[in-house]
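Asks: Sending over a structure as structure tokens; questions will come in a sec.
Since every read-out is calculated from the coordinates, none of them should be taken as a lab result. All values derive from a computational prediction rather than experimental measurement. With ideal geometry, Cβ positions are generated from the backbone for all residues, glycine too; neighbour counts draw on all protein chains shown.
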Amino acid sequence: MKKLSILGSTGSIGTQALEVISQLSEKIEVVSLAAGKNINLLKEQIKIFAPRKVSVLDKEDALKLSNEFPQTDFLYGDEGLEILSSDKDIDIVLIAVSGKIGLKPTIAAIKNKKNIALANKETLVMAGDIVMPLAKEYGVKILPVDSEHSAIFQCLNGVKPKKLIITASGGPFRNKSIEEIKSATANEALNHPRWNMGRKITIDSATLMNKGLEVIEAHHLFNMDYKDIKVVIHPQSIIHSAIEHEDGSIIAQMGLPSMHIPIQYALTYPKRIKGIESNSFDFSKIAQLTFENPDFEKFPALKIAFEAGIKGKTFPTVLNAANEEAVMAFLDGKIRLTDITEITKSVLNTHKPIENASLEQILELDEKTRKQTREIINNLLIKE
Ligand code: NDP
Ligand code: MG
């Protein structure tokens with residue numbers, strides 16, 4: 001039986017992973033869970049899955065919980081995440097926290113030879129040049145959970161393709177004008193037509209920055225040149241991505257727009273077993289599949305992400321940090337949706353890249369960039 005730790009168990013991916021596990025025809029043992037502040041949901045999960053160890057964001061919550069669940073060991077903070085991801089009692093860790101906090105537990109898991117089901121794309125955007133070689137050095141598998149990357153992984157079958165074709169739903173503003181996008185509220189941006197996800201990734205999907213981050217993620221996971229990575233808008237989200245071979249043959253992976261299959265495949269790899277989505281797909285119910293090129297003018301985030309990826313070095317680290325801070329400011333009502341990309345672009349324009357940056361340099365740059373981004377946002381607010 002596989003032994004699993006889930007970091008981010010109360011989030012969109014975490015809860016869907018637990019749904020997958022509950023309906024799997026082969027048992028996976030949930031050894032440990034980590035969450036942030038949603039203690040009520042976490043308590044429900046502890047009652048059902050009886051994990052041996054649990055980590056939460058705050059010490060106070062850990063203390064309260066240990067009185068309520070004396071059988072369970074409670075940890076907290078960043079250290080708690082690293083202890084769980086490197087625990088001798090697990091085989092695989094699902095990294096499903098959002099944002100930059102995914103990086104350190106991923107590194108800890110690799111150094112302790114734990115396979116990784118990676119949902120947290122920010123980890124590879126920030127530090128793919130460190131994480132991928134390290135995983136190779138330690139013989140650790142990084143199994144993609146992001147649906148596009150899972151699709152490509154499922155298509156590859158050990159052969160290096162000519163091109164990767166990453167599909168995108170286009171988000172809630174695909175058919176809106178630039179003016180309408182400018183005046184979009186957080187609620188409109190949070191209303192994604194196809195996917196029900198956490199707040200940060202949902203806003204990234206509205207600006208198409210999510211697709212940009214995924215392009216960088218794909219570059220690292222599959223060792224592909226940016227010129228060989230293409231993005232195609234496919235609003236129905238049935239084809240989750242594809243690869244193209246030298247001879248023109250295209251291999252695509254299909255399924256309903258659900259994260260269950262990519263999560264399950266990462267957890268049961270290399271096995272295919274009966275699960276929550278078995279028998280869910282019916283071709284006769286799919287009316288049409290359409291495709292179009294992305295509009296880089298309307299969605300400049302995709303363009304700046306490609307550019308940051310191509311420039312490489314520490315540009316993607318800066319892209320990730322500036323974007324994450326700007327997304328938070330948008331969700332707090334401080335800036336407009338279109339400001340997210342404008343601000344990220346202006347931060348990238350001032351960046352002096354570091355060659356072969358170490359993990360410490362990346363973490364330091366991440367902090368510095370966030371501070372710089374917050375300052376730009378505060379100055380904008382003062383001017384208004
Ligand atoms: P959510 O915001 O829904 O969930 C984030 C999870 O991380 C929650 O369990 C949250 O806990 C936990 N968390 C946040 N901060 C901390 C912390 N400091 N310590 C411990 N736990 C913390 O995000 P998603 O599930 O949507 O996304 C997770 C990752 O997966 C992201 O990187 C995203 O890009 C990626 N992804 C998501 C997809 C999706 O469909 N949702 C698809 C593809 C990739 P709490 O809520 O208890 O505070
Ligand atoms: Mg995706």
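Asks: Pulled fully out, how much extra length does the chain show between L156 and K311, if you take 0.36 nm times their separation in residues and subtract their Cα-Cα distance?
Replies: Length gained between L156 and K311: 53.2 nm.
Asks: How big is D for the stretch 314-384, in µm² s⁻¹ as a whole number, if Stokes-Einstein is applied with the Kirkwood radius of its Cα pairs at 4 °C and 1.567 mPa s?
Replies: 106 µm²/s
Asks: While we're on this one: How large is ³J(HN,Hα), in whole Hz, for each residue of the stretch 18-23 in order, when computed from phi with the Karplus curve 6.51 cos²θ - 1.76 cosθ + 1.60 and θ = phi - 60°, using x for Gly and Pro?
Replies: In residue order, the calculated couplings are 5, 4, 4, 4, 5, 10 Hz.
Asks: To continue, here is another question. How much net charge surrounds I130 when only other residues with a Cβ under 14 Å from its Cβ are counted (Lys, Arg +1; Asp, Glu -1)?
Replies: The answer is -2.
Asks: On to the next question. What is the set of long-range amide H partners of A117 at a cut-off below 5 Å, with H atoms built 1.01 Å from backbone N?
Replies: V93, L94, I95, L143
Asks: Follow-up. Just from its helices, what would the mean residue ellipticity at 222 nm be for the chain, if runs of 4 or more DSSP H residues each count -39500 (n - 2.57) and the sum is divided by every residue, rounded to the nearest 500 deg cm²/dmol?
Replies: Result for the chain, helices only: -15000 deg cm²/dmol.
Asks: Between D332 and I48, what is 0.36 nm times their sequence separation minus the Cα-Cα distance? Round to one decimal in nm.
Replies: That works out to 98.8 nm of additional length.
Asks: Long-range amide H contacts for Y76: which residues qualify at under 5 Å (H placed 1.01 Å from N, peptide plane, sequence gap of 5 or more or a different chain)?
Replies: V56
Asks: Suppose every Lys and Arg Cβ carries +1 and every Asp and Glu Cβ carries -1, with no other charges. What dipole size does the chain come out with about its Cα centre, to the nearest 20 debye?
Replies: Taking the Cα centre of the chain as origin, the dipole is about 380 debye.
Asks: With 10 Å bins from zero, work out the P(r) of the chain over every alpha carbon pair and list the percent per bin.
Replies: 5, 23, 33, 27, 10, 1, 0
Asks: If you put +1 on each Lys and Arg Cβ and -1 on each Asp and Glu Cβ, how big is the dipole of the stretch 63-167 around its Cα centre, in Debye rounded to 20?
Replies: The calculated dipole for the stretch 63-167 is roughly 580 debye.
Asks: Please list, in order along the stretch 24-35, the HN-Hα scalar couplings obtained from phi with the Karplus expression 6.51 cos²θ - 1.76 cosθ + 1.60 (θ = phi - 60°), rounded to whole Hz, x for Gly and Pro.
Replies: Per-residue couplings from phi come out as 7, 6, 10, 6, 10, 8, 8, 6, 8, 10, 9, 9 Hz.
Asks: List, in order, the whole-Hz ³J(HN,Hα) value for each residue of the stretch 264-276 obtained from phi through the Karplus relation with A = 6.51, B = -1.76, C = 1.60 and θ = phi - 60°; use x for Gly and Pro.
Replies: For the stretch 264-276, the Karplus-derived couplings read 4, 5, 5, 7, 9, 3, x, 7, 10, 10, 5, x, 4 Hz, x marking Gly and Pro.
Asks: Mind counting lysine pairs for me in the stretch 282-384? Cα separation below 13 Å, and the two need to be 8 or more apart along the chain or on different chains.
Replies: Pairs that pass both the separation and distance tests number 6.
Asks: Which residues' amide hydrogens lie under 5 Å from the amide hydrogen of Q253, considering only partners 5 or more residues apart or on another chain, with H built in the peptide plane?
Replies: Amide H neighbours of Q253, under 5 Å, 5+ apart: H240, S241.
Asks: Need the full-extension length gain, M1 to S25, defined as separation in residues times 0.36 nm minus the C-alpha distance. One decimal, nm.
Replies: 7.5 nm
Asks: Sticking with this one: Using +1 at the C-beta of Lys and Arg and -1 at the C-beta of Asp and Glu, which of L7, V232, W195 has the Cα lying farthest in the positive direction of the dipole of the chain?
Replies: L7
Asks: Here's something else I'd like to know. In which sequence would E188, E148 go, from the one with the fewest C-beta neighbours within 10 Å to the one with the most?
Replies: Fewest to most other Cβ atoms nearby, the residues stand as E188, E148.
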